[in-house]
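The values are calculated or read from the model by the stated rules, or taken from the named source; none is laboratory data. No experiment lies behind these values; they were computed from the predicted model shown. Because the Cβ atoms are built from the backbone with ideal geometry, glycine has one as well, and the counts that use them run over all protein chains shown.
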Amino acid sequence: MLASRWHLVALLGIGLCAPTVVPAQQTPSSSPPEARWNRWIERLSKQLDLTTQQQEQLRTLLRQRWEEQQRLRERFRQQLKELLTPQQWEKLQELRREHREKLRERVRQRRLEKRSPHSEGPPYQ
């Protein structure tokens, strides 16, 4: 009984943390982060002198990896939903919403701090 309780705790922990694997300003979505991939590919191209063919192959690898991760996330969600009671599932969804909102607020605060030249302390005198 104790072991199964720990398994449930571990599953819930993974479920709560899964959305945080992506960058803080994003939540898992159904559309690939191609803009971020393009910036990364551009940077690597300059640093490693990638050919056009290598760039396209890298883009293909990134898309395949993203699609695989989407399938894994969805399978995990379905398995977790089957494991939990409807009340537990709803509570988990609420916890996830709260977690995402906290992340969004943290990102918003960081952006505001970066924009404000005096956010580090008092202005120079």
By residue number, the members of the range 57-104 that are aliphatic (A, V, I, L, M) and either part of a helix (DSSP H, G or I) or touching a residue at least 12 places away in the same chain (Cβ under 8 Å) (or both) are Leu58, Leu61, Leu62, Leu72, Leu80, Leu83, Leu92, Leu95, Leu103
Note on Ala35: of the conditions (1) at pLDDT below 95; (2) surrounded by 14 or more Cβ atoms within 10 Å (Cβ to Cβ); (3) aliphatic (A, V, I, L, M), unmet is (2)
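Which ones in the range 41-58 are surrounded by 12 or more Cβ atoms within 10 Å (Cβ to Cβ) and polar (S, T, N, Q)?
Ser45, Gln54, Gln55, Gln57, listed by residue number.
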